[in-house]
Amino acid sequence: MRFLIISKNRHPVPPEVAVKLFDAALAWKKKYQSKIKDAWAFAGLQAGGGIAEVESVDELDVIMTEFPMGPFGETEIYPLVDAEQAWEVKRKAAKAMTAKG
């Protein structure tokens, strides 16, 4: 299962806490490097994102519970599916709806 994760800071991080927080974030990323397939920061923002590839939602919950930036921000998580497969499913659904009408 793949998930898009977007995290945006909503509360200022005091400078005296920031260094420890960034160290913790780097350690978290390293700990879960086999599960966090891609990670980035948004230029000019206190925000970033990544792609998690996990076996279950429960596994993702464990990973995100340990995310050090979590208490300072708002995190959005979106499940990802293959685009072509999703379009085909939607196409079939639309075709079925037009056939009934």
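The values are calculated or read from the model by the stated rules, or taken from the named source; none is laboratory data. Treat the numbers as computed from the prediction; the structure is a model and nothing was measured. Every residue, glycine among them, receives a Cβ derived from its backbone with ideal geometry; neighbour counts consider all protein chains shown.
Scoring Tyr78 on the criteria (1) of a type in the set (Phe, Trp, Tyr); (2) surrounded by 12 or more Cβ atoms within 10 Å (Cβ to Cβ); (3) under 16 Å from Phe3 (Cβ atoms) leaves a single failure, condition (2). Picking from residues in the range 50-75 that are of a type in the set (Gly, Ala, Ser) and surrounded by 14 or more Cβ atoms within 10 Å (Cβ to Cβ), the one that is farthest from Lys31 (Cα to Cα) is Gly73. If only residues of the range 28-55 that are of a type in the set (A, V, I, L, M) and over 16 Å from Pro71 (Cβ atoms) are counted, the one that is modelled with the lowest pLDDT is Leu45.
Scanning the range 34-49 for residues that are within 13 Å of the chain's Cα centre (by Cα) and under 17 Å from Val13 (Cα atoms), which turns out surrounded by the fewest Cβ atoms within 10 Å (Cβ to Cβ)? Checking each candidate, the answer is Ala41. With respect to the stated conditions, Ile36 fails to be under 14 Å from Met1 (Cβ atoms), touching a strand residue (DSSP E or B) at 6+ places or on another chain (Cβ under 6 Å), in contact (Cβ under 8 Å) with a residue 40 or more places away in the chain and of a type outside the set (Phe, Trp, Tyr). Inside the range 9-32, residues that are surrounded by 11 or more Cβ atoms within 10 Å (Cβ to Cβ), assigned to a helix (DSSP H, G or I) and of a type outside the set (D, E, K, R) make up a count of 9. Whether a residue is modelled with pLDDT under 95 and out of contact with any Pro (no Cβ under 9 Å at 6 or more places or on another chain) was assessed, and Gly70 passes this test.
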